[in-house]
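The values are calculated or read from the model by the stated rules, or taken from the named source; none is laboratory data. No experiment lies behind these values; they were computed from the predicted model shown. Here Cβ is always computed from backbone atoms with ideal geometry, including for glycine, and neighbour counts include all displayed protein chains. Accessible surface is based on the protein model in full, side chains and every heavy atom, while ligands, DNA and RNA are left aside. Shrake-Rupley method; radii C 1.70, N 1.55, O 1.52, S 1.80 Å.
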Amino acid sequence: MNNKTLVIGLFMTGLILIMALFGPHFPGVDADLEQTIVLKTGEGKLFPPPYEPSGDFLIGSDRKGVDLLSRIVIGTRETLLTIAGIVLVRTIVSLSLGIASFYTRAGAVLLRIWEAVFSFMPTIIFVVLLLAIPPIMFSPHRLVLSALIIALAETGRLAEYIRSKMVELSNETYMEAAVANGGSIPGMFRRYYSPMIGRELTGIAAREAGRVMFLLAQLAVIGVFINQAFMSQETRGTFAAVETSDAWPVLLLDLQKDLRVAQWIPISAMAFITFSIIGFQLLADGLEKRRADRIANRA
Amino acid sequence: MLKELGSAVVIWLIAFGFLLLIVLLPTDVVFVEGNVFLRFEGVTYEYSPEAHLANIREFFSLLAGHPGVGGLDGGPSSFEIAERFGRSLALIVPAALIAMIVGMAKGILDFLYKERKGGAASRWVTFGFLSVPDIVIIVFVQIGLLTAISKGWIPHIELYGHESPAQTLLNILFLSVYPTVFIANATYRTLRDQERMDYVRTARSKGTNPFRVLYVHMLKNGIIPILAQADMMILYILSNLLIIEVFTNYRGAALYLYEALGDPTKFSFGTLVTGNTFAIAGYLFYFTLLILAIKVISGLAKYWLDVRGREGIL
């Protein structure tokens, strides 16, 4: 198999998966995420966190004095679960919408309107707009709701892709033959369309995972996180959202400040985020190439 | 053609109406107090269609009552909104032009040199910039500049704000990176698909000048799928604009829109800083209008550039 893209993609996503599954047991990873409140130097001076990369903290510590590498490794699982949830919802809704639009007129009209309306809404602006609505902002199910909003914001594009793949298949000569031989709609769906969609699914999931990670990073930069809780502040009656998660995008909070004081925090977070996006992209491209090669070999 | 443009306008109205409905959602929430004084337990919210309708009525009656001026509740007037949008346009228009011109040029060069080492390397650059979130690029450029300034290699420039030409130029650069590689990728893929066409093979076998084949047969036929990507491109530009304006504190319409929505991360008990609906609606109006303008321009270009369009077949 001469498909370097796929091999590298599998390797990169594999590494992230291993980090998510076995990260807490890695040597040198502090699974309890212990906070070091002050650090003493040789001369007895005290230092507050965040700490620079050193022997104790390989890539530095976060603002609370937690070892950054441990935090990132532990946060992998949460990051991946969030992405997986969003991708799952987006794929299910897009599949239903795409298939419905291929078979029914109502579905086709719905998809056209959906796509047309969403083509006037930049994804991030749409997400920020919806998350600012009080019932969503204060909802106890905010996590689920915001994941749902992010999932639906790009459903039209994916549904259209699935529909176009089905149309492409229906134009093949052997499909015409199948129709001429009296293939029923459910039978044809079972024998031709659903296997084709099945083969596409892994690639779709990988590509969407990359896109979602990209979007979550962008949202984090402007202070929009999908899991937050409100905590009481020093002034009575005022509350501020506090990040309650170890997911990677959270490390981009206070990015402007960190760029001057603690550059290692955003750099490490971005390195892991970018690594995972490139891994997902390469995986998707590699899978696409493998399908193309197989079709070429058959011909 | 008129029919197509008309339908674009109708869809714009539907989309803007939909956004307006979201913006005008009733925001009255009841704060639930816990056992301890001022302890936040959550909010209850009940959607009522009547309140929503009342909001919509109020919005339009105020709009009719203050045509063109606005400035209600200490919010910006429509002149200010337009001025701020103009500041955003100063970033969007150059970025979009760079993306179309440089992006297409890069796509064509990548295609011409696709068998060479340089071409492959250049396509990896495209892949890299498509995968790396633009904020990563911005952060590295800023770290580089901050270091250079602190070491005295370059004179001090303010990285945050909108007053100096340096900030505007930097932001145009940041904003144009992603759309440029996006268009480059689309151009390259289109040309690669065109190459398999029979008419291209025929033209080449007749010994036609390769550049003539590229221009007449491949680019003129491929321009439609490339222009179709321009609609997507503007969406990416606007999404990234919000990130860039908020992050670099460039006071354009996207940053003001973000601020007008009200800070979602802070509130005081019992009071809720709700967004200024007039301002939000105003900024959204301009942004969606810009998307419509791009759709119209790319639609017109399609007819003008494509032979089938000029001859009325399309």
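Things worth noting here:
- Rounded accessible area of B:Trp124 (nearest 10 Å², 1.4 Å probe): 140 Å²
- B:Phe60 contributes about 100 Å² of solvent-accessible surface, heavy atoms of the protein only, 1.4 Å probe.
- Heavy-atom accessible surface of A:Lys64, to the nearest 10 Å², is about 120 Å², with a 1.4 Å probe and all protein chains retained.
- Computed in the context of the full set of protein chains, the accessible area of region B:83-235 at 1.4 Å probe radius has 66% of its extent on carbon or sulfur.
- Computed from backbone phi, the HN-Hα couplings of region B:78-92 come to 5, 5, 5, 4, 5, 5, 5, 5, x, 4, 5, 4, 4, 8, 5 Hz, rounded to whole numbers (Karplus: 6.51 cos²θ - 1.76 cosθ + 1.60, θ = phi - 60°; Gly and Pro given as x).
- Charge dipole magnitude, Cβ of K and R +1, D and E -1 - region B:83-235, Cα centre, debye nearest 20: 780 debye
- Of B:Glu46, A:Glu176, the residue with the largest accessible area leads and the full order is B:Glu46, A:Glu176 (1.4 Å probe).
- Among the listed pairs A:Lys4/B:Lys114; A:Lys289/B:Lys114; B:Lys106/B:Lys206, a Cα-Cα separation exceeding 24 Å is found for B:Lys106/B:Lys206.
- Lysines with Cα under 21 Å of B:Lys151, excluding same-chain neighbours fewer than 8 positions away: A:Lys257
- Between B:Ser61 and B:Leu2, the simple label model (points 7 Å from Cα in the Cβ direction) yields a spacing of 3.9 nm.
- A simple count of charges around B:Thr126, restricted to other residues whose Cβ falls under 11 Å of its Cβ and scoring Lys, Arg +1 and Asp, Glu -1, yields +2.
- Cα-projected label distance for B:Asn249 with B:Tyr47, points at 7 Å along beta-carbon direction, nm: 3.9 nm
- Estimated from the Cβ-Cβ distance and a Förster radius of 41 angstrom, the FRET efficiency linking B:Ala105 and A:Phe11 is about 0.75.
- Area hidden from solvent between A and B (accessible, protein heavy atoms only, 1.4 Å, total, Å²): 5100 Å²
- Using a Förster distance of 60 Å, the FRET efficiency for A:Val144-A:Arg294 (Cβ separation, nearest 0.05): 0.95
- Spacing of the two label points (7 Å from each Cα toward its C-beta) at B:Leu97 and A:Val109, in nm: 4.4 nm
- Shape of region A:151-224, Cα gyration tensor, a/c cut at 1.5: prolate
- Rounded FRET efficiency, nearest 0.05, which uses the C-beta distance separating A:Phe275 from B:Lys151 and R0 of 41 Å: 0.90
- Positive-end residue of A:Val117, A:Ser170, A:Pro135, charge dipole of region A:65-175 with Cβ unit charges: A:Pro135
- Cα-derived Rg over Rh, computed across region B:83-235 with Rh taken as Kirkwood radius: 1.09
- For region B:83-235, accessible area per residue (1.4 Å probe, heavy atoms of protein chains only), Å²: 50 Å²
- When B:His52, B:His156 are compared by accessible area of protein heavy atoms, the largest-first order is B:His156, B:His52, using a 1.4 Å probe.
- Approximate shape of region A:4-298 as ellipsoid semi-axes (Cα gyration tensor, √5λ), whole Å, largest first: 44, 24, 13
- Sorted from longest to shortest, the spans of the Cα atoms of region A:90-129 along the three principal axes equal 34, 19, 10 Å.
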